[in-house]
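Trainee: Have a look at the structure that comes next, please.
The values are calculated or read from the model by the stated rules, or taken from the named source; none is laboratory data. Model, not experiment: these values are computed from the prediction. Glycine gets a Cβ as well: all are built from the backbone with ideal geometry, and neighbour counts include every protein chain shown. When the accessible area is computed, the model is the full protein with side chains, heavy atoms only, and any ligands, DNA or RNA have been set aside. Shrake-Rupley method; radii C 1.70, N 1.55, O 1.52, S 1.80 Å.
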Amino acid sequence: MKQDLRELCKALRCDICESIAEVGVGHIGGSLSIVELLAVLYFEAMHIDPQNPTMPGRDRLICSKGHAGPAVYAALSRRGYFDHELLLTLNQGGTMLPSHCDRNRTVGVDMTTGSLGQGFSAAVGIALGSKLEDDGATIYTIIGDGESQEGQIWESAMFAGNYKLDNLIAFTDCNGLQVDGAVSDVGNLEPLAAKWRAFNWDVIEVENGNDIDAVRLAVSMAKANRGKGKPTMVLLHTVKGCGVSFVIAKGAGNHNAPFSKEDAARAIAEIRGEDAAWK
């Protein structure tokens, strides 16, 4: 299974590159940085059923950094929520796959996101509702480190800690970059782990958030916190554009960047290296 997930991550990265190249521009960097997390959540950790996407008591994933929609769509298609060929309609007229996640247009998307901070608030509300219903669901949410400069994040964090939402597991994609430059220059978040602990969250820090085994272990540890009276924040130190060297080299310029079919072919050759089981 471990090797399968590694090959799956290659396939997801190829899917992201192909779908963005089809429209010619997109959020390539922040989509590539969360691939390992999505692979672990959708293919191992989450209690979901693609054949019954609104199943009561299912786990939910809210990608609050909604510009990473291309990565979410790639995972949903590989998991069987919709035809893989639809990835090539990303952000085009009439598509069910808009640039940012939209629950009214895409089967499998649990919450519309994109206005930074709001998806996280919604996840906290969903976790509270799930706890009141006692439906057994775990609510997962992904935020960005740049997104964490939003005050709404910290209002929600305070609420979740106060209400002891131990059915809520959040992840921060700490890739160090946002559209205007380095996060540390635009609005330094440190000491980030201490901030979350001060808001009554348990914190797990992962040095390499693009290592599949490290992510798997962190998710397992976070799930074990259920029943202990605190929500969990997993800080994943990732690389924006992970897997494609020339995307990484663009730095903050890879946030929303032109990406041609020639770029995709070059990227896919680098990602694959050799034929993959999930090709």
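Trainee: If I go through the stretch 155-191 residue by residue, how many of them are within 19 Å of the chain's Cα centre (by Cα), more than 20 Å from T138 (Cα to Cα) and touching a residue at least 40 places away in the same chain (Cβ under 8 Å)? Please lay out each step first, then the result.
Mentor: Going through the stretch 155-191, the residues within 19 Å of the chain's Cα centre (by Cα) turn out to be 156-157, 167-179, 183.
If we keep only those that are more than 20 Å from T138 (Cα to Cα) as well, we get 174-179, 183.
With the extra rule that they be touching a residue at least 40 places away in the same chain (Cβ under 8 Å), the set shrinks to 174-179.
So the answer is 6.
Trainee: Scanning the stretch 152-187 for residues that are of a type in the set (S, T, Y) and within 30 Å of N254 (Cα to Cα), which turns out surrounded by the fewest Cβ atoms within 10 Å (Cβ to Cβ)?
Mentor: S184
Trainee: If I filter the stretch 1-34 down to residues being in contact with a Cys (Cβ under 9 Å, 6 or more places away or on another chain) and among the hydrophobic types (A, V, I, L, M, F, W, C), which single residue comes out as farthest from S77 (Cα to Cα)?
Mentor: Top of the filtered list is I28.
Trainee: Just to be sure before I move on: is E44 open to solvent by 20 Å² or more (accessible area, probe 1.4 Å) and either over 19 Å from R105 (Cα atoms) or outside any helix (DSSP H, G or I) (or both) in the structure I sent?
Mentor: yes
Trainee: A follow-up question, please. For the structure I just gave you, tell me whether S99 is of a type in the set (G, A, S), open to solvent by less than 60 Å² (accessible area, probe 1.4 Å) and touching a residue at least 60 places away in the same chain (Cβ under 8 Å).
Mentor: yes
Trainee: Mind listing whichever residues of the stretch 31-41 are in contact (Cβ under 8 Å) with a residue 60 or more places away in the chain and of a type outside the set (D, E, K, R)? Write out each step before concluding.
Mentor: To start, the set of residues in the stretch 31-41 that are in contact (Cβ under 8 Å) with a residue 60 or more places away in the chain comprises 32-37, 39-41.
Scanning the stretch 31-41 gives L32, S33, I34, V35, L37, A39, V40, L41.
Trainee: Any idea how many residues of the stretch 221-264 are part of a helix (DSSP H, G or I) and open to solvent by 60 Å² or more (accessible area, probe 1.4 Å)?
Mentor: Residues in the stretch 221-264 being part of a helix (DSSP H, G or I) and open to solvent by 60 Å² or more (accessible area, probe 1.4 Å): 6 in total.
Trainee: For the stretch 98-121: of the residues being in contact with a Gly (Cβ under 9 Å, 6 or more places away or on another chain) and of a type in the set (A, V, I, L, M), which is nearest to L41 (Cα to Cα)?
Mentor: V109
Trainee: Taking the conditions exactly as written (under 16 Å from I16 (Cα atoms) and either in a loop (DSSP other than H, G, I, E, B) or open to solvent by less than 40 Å² (accessible area, probe 1.4 Å) (or both)), does A71 satisfy them or not?
Mentor: When the stated conditions are applied, A71 passes them.
Trainee: In the stretch 102-151, how many residues are open to solvent by 40 Å² or more (accessible area, probe 1.4 Å), polar (S, T, N, Q) and part of a loop (DSSP other than H, G, I, E, B)?
Mentor: Residues flagged as open to solvent by 40 Å² or more (accessible area, probe 1.4 Å), polar (S, T, N, Q) and part of a loop (DSSP other than H, G, I, E, B) within the stretch 102-151 amount to 3.
Trainee: Output the qualifying pairs, or none if there are none: Cβ atoms under 7 angstrom, residues six or more apart or on different chains, first residue in the stretch 9-30 and assigned to a helix (DSSP H, G or I), second residue small (G, A, S) and surrounded by fewer than 20 Cβ atoms within 10 Å (Cβ to Cβ).
Mentor: As it stands, the answer is K10/A276; A11/A276; A21/S260; I28/A257, since those pairs meet every condition given.
Trainee: For the stretch 12-34: of the residues being in contact with a Lys or Arg (Cβ under 8 Å, 6 or more places away or on another chain) and within 16 Å of L90 (Cβ to Cβ), which is surrounded by the most Cβ atoms within 10 Å (Cβ to Cβ)?
Mentor: Taking the candidates together, the pick is L32.
Trainee: If you take the residues of the stretch 188-208 that are part of a loop (DSSP other than H, G, I, E, B) and open to solvent by 70 Å² or more (accessible area, probe 1.4 Å), which of them is farthest from S220 (Cα to Cα)?
Mentor: Per the criteria, the residue is N188.
Trainee: Quick one: Y81 ticks every box in (1) surrounded by fewer than 23 Cβ atoms within 10 Å (Cβ to Cβ); (2) outside any loop (DSSP other than H, G, I, E, B); (3) of a type in the set (F, W, Y) except a single one, so which number is it?
Mentor: The single condition Y81 does not satisfy is (2).
Trainee: Additional query: Which condition from (1) modelled with pLDDT of 95 or more; (2) within 24 Å of D213 (Cβ to Cβ) is the one that D49 breaks?
Mentor: (2)
Trainee: Give the stretch 84-96 a look and list any residue that's in contact with a Phe, Trp or Tyr (Cβ under 8 Å, 6 or more places away or on another chain) and either open to solvent by 80 Å² or more (accessible area, probe 1.4 Å) or part of a loop (DSSP other than H, G, I, E, B) (or both), or say none.
Mentor: L90, M96 - these are the residues of the stretch 84-96 that are in contact with a Phe, Trp or Tyr (Cβ under 8 Å, 6 or more places away or on another chain) and either open to solvent by 80 Å² or more (accessible area, probe 1.4 Å) or part of a loop (DSSP other than H, G, I, E, B) (or both).
Trainee: Looking at (1) surrounded by fewer than 22 Cβ atoms within 10 Å (Cβ to Cβ); (2) in a loop (DSSP other than H, G, I, E, B), which is the one condition that is false for L217?
Mentor: Unmet for L217, out of (1) surrounded by fewer than 22 Cβ atoms within 10 Å (Cβ to Cβ); (2) in a loop (DSSP other than H, G, I, E, B): (2).
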